[in-house]
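For reference, the structure is listed below as structure tokens.
The values are calculated or read from the model by the stated rules, or taken from the named source; none is laboratory data. Model, not experiment: these values are computed from the prediction. Glycine gets a Cβ as well: all are built from the backbone with ideal geometry, and neighbour counts include every protein chain shown.
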Amino acid sequence: MTVMNAKLQPVEDGTLRAQITRQLHAMITGGHFAPGERLTETALANQLHVSRAPLREAIRELVDRGVLISQPYKGLFVRSVSVTDLRELYSMRTELEQFAFRLAWDKRTPEACADLQRRYDALIAVHAQNDQAMAIELETNFHSWIYDVSGHSLLQSHWQRLVPLVQIYLSLHHRMHGAQGEFGHMTTEYLKIATGDDLAAMQVHIGEHMKQGLDMVIAAVPEA
């Protein structure tokens, strides 16, 4: 379902592909294009005031990221999510994040902890602006912290491959429940434990944090 009062803005001269990619991605994660929604190049080009060439480059990039799906003879669609997708994402994210904390626990320098605090502050501040796309971008950045600290390149690449689905999942979560309330409590608790001295408590919190979000989002998926 499209949010009807959301409008794409004309793109100015410059790096058209990057600007188009950024706008389309923001519209998807902002919930203005829903999972499974069909998009057309003609409508997108008209709204953005761009030619087909840079638009197709941007679409190709988003298809490569896994945000859009291009189906021969059927068209272009926003990636949809199923209950199975969500359960697999939950299990994979939980394992990866717990592993990342075990790997990086002794690498958490004061500077690294200060960096997590900055990411947290930016995330909390953007909620007052009611900008869902930016909130999802910053929430992804917040959870990317432990992968950055780990210094483990293969782990980081696995996380980056999950990010498009994570952001669609977050979009569903925000559309259903907003970003306040329990979100704020759990994120604050995450920050506190992540910069504390109890790795076991962090492992437990990750499982609880992920499971709570999963249960809330599954209700938004039609097949549930």
- request: Return a yes/no flag: does segment 159-176 have any residue that is at pLDDT 95 or above, within 26 Å of G31 (Cβ to Cβ) and surrounded by fewer than 19 Cβ atoms within 10 Å (Cβ to Cβ).
  value: no
task: Identify, from the list D85, D64, the residue that is part of a helix (DSSP H, G or I) and at pLDDT 90 or above.
output: D64
- request: Considering each residue of segment 103-121, count those that are of a type in the set (A, V, I, L, M, F, W, C), without any contact (Cβ under 8 Å) to a residue 40 or more places away in the chain and surrounded by 15 or more Cβ atoms within 10 Å (Cβ to Cβ), and give that number.
  value: 1
